[in-house]
1. For segment 17-168, what are Rg and Dmax over the alpha carbons, in angstrom?
2. Quick one: Debye curve from the alpha-carbon atoms of segment 2-94 only, equal weights, vacuum; give me log10 I(q)/I(0) at q = 0.10, 0.11, 0.23 Å⁻¹ to two decimals.
3. Based on other C-beta atoms within 10 Å, arrange V67, V91, V46 from fewest to most.
4. At 7 Å along Cα-to-Cβ for each site, give me the label-to-label distance between D250 and F218 in nm.
5. Take the alpha carbon atoms of segment 11-41, find their center, do the same for segment 109-183, and report the distance between the two centers in whole angstrom.
6. Given an 8 Å cut-off on Cα distances and at least 6 residues of separation, report the relative contact order of the chain as a percent.
7. How long is segment 344-431 along each principal axis, judged by its Cα atoms, biggest number first, in Å?
8. As I understand it, the value is the acute angle between the Cα axis of helix 408-421 and the longest principal axis of the Cα atoms of the chain; what does it come to in degrees, rounded to 10?
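Throughout, read-outs are computed from the coordinates displayed, never taken from laboratory work. Keep in mind that what you see is a predicted model, and the values were worked out from it rather than measured. Cβ sites come from the backbone with ideal geometry, for glycine too, and all protein chains shown count toward neighbours.
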Amino acid sequence: MGDLHATLDARLAGIVGPAHVLRAPDDVEPYLVDHRARYRGRALCVIRPGTTAEVAAAVSACAASGVPIVAQGGNTGLCGGATPDATGTAVLLSLTRLNRVRAVDPANATITVEAGVPLARVHEAALAHGLAFPLSLASEGSCTIGGNISTNAGGTAVLRFGNARELTLGLEVVLADGRVWDGLRGLRKDNTGYDLKQLFIGGEGTLGIVTAAVLKLFPAPRTRVTALAAVRDVAAAIALLGTAREALGDRLVGFELVSDHALQLSQRHHPGSPDPLPGHPWYTLLQVDDTAPDAPLATAVEGLLARASENGLLEDAVVAQSHDQAARLWALRENISEAQRREGPNIKHDISLPVSAIPRFLADADHALRAALPGVRFVIFGHLGDGNLHYNLSAPDGVAPEPFMNAQPIANRIVHDLVVAAGGSISAEHGIGQMKRGELAHYKSELELDLMRRIKAALDPAGVLNPGKVV
């Protein structure tokens, strides 16, 4: 085995260059720990190919040696999907050097980028042509397009534009045997057989390694209004959402829900954060965009909020009067996850439900969890517009976070049983990775699991791509 690894090591060095084969513990450590520091693995080495051809050659070499490959982008995933296991038998393949914007086609409203391009850079490249790529995440400065596609990322604009799946037109993918599928077509209509790209979007690197993508672009917004509204309960928030959609149509891009505890947590760990509407149990954050520079959006939003107040749908509201004020309101929402990380380990759930089912779910889950875990604290926020909740649980006051984490199986079963009973999903936008692999097997039907395994076996018969993840 040692000779085999030495031979593979030499081949990989010949493919990507010796400087891009990392072995020293200090060099490989950042790649072996997930973003939440929950999963830690080992690897034979870390390789950093710089082209699709190098990725293909490296995958071919690993496949010939029977060595697993774990692909990784910005390492911002939340389910351990890009972290190798503890055996140390896999090669970790970092895609961050595949960082070129290959083309922008304004007439076709598309951009072609490599997998290692950070999401924020895609925004910048599109904006330089007066266009926008609407996928928006709190981690957009460090997450990469390959990871966004492989997890079917969602974010704050799904209400208007959909997940990564809806924003991807074509892909370039390295298969498990090293062959390259060139599906980089920027077409809105292409009915020439199976839509193969859909297998790899959300596949978490278990079926192939995405190396480039053609993405949809849209006219850049030239008028934007952000508002924070306080509501008495989630039913009122849902009613406000319906009223806003009716009044604003497609101009309503984002509609976020934040509990008071989640907001206070964000403020506590980020001194200087605004506190414009203190003392309410729930908050909604609205973003409204228009491509016209002189669109009377502020008037429309203020009118909407006034009518909603008269109808008892909201308790109070504030409309940002500048870009800086809007950014500070959004920071309140986007800093919640980081505040939770600083607070210590907590039990996280990334779930989706029919919007109409959310109030009943929250009431039932609150009752069941308080009975099972007395004193539990709820940190609830998410994308109400598309039914995605980040339903997180913190230890009771005076209880250390680490022992509280032992209750995760109990909490998961309560939450996930209620979610599935309501017609929801146990994973909305974070993927399955290794965190939810057992939960997937518990809730998926035998037929669904069989179909997934057949697809995996067809595309990766030797099981070398990201083993131990998803299926």
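1. Final numbers for Rg and Dmax: 16.3, 49 Å.
2. Ignoring solvent entirely, the Cα scatterers give -0.23, -0.28, -1.18.
3. V67, V46, V91
4. Those two pseudo-labels are separated by 0.8 nm.
5. 24 Å
6. Value for the chain: 15 percent.
7. Its Cα atoms span 35, 24, 18 Å along the three principal axes.
8. 70 degrees
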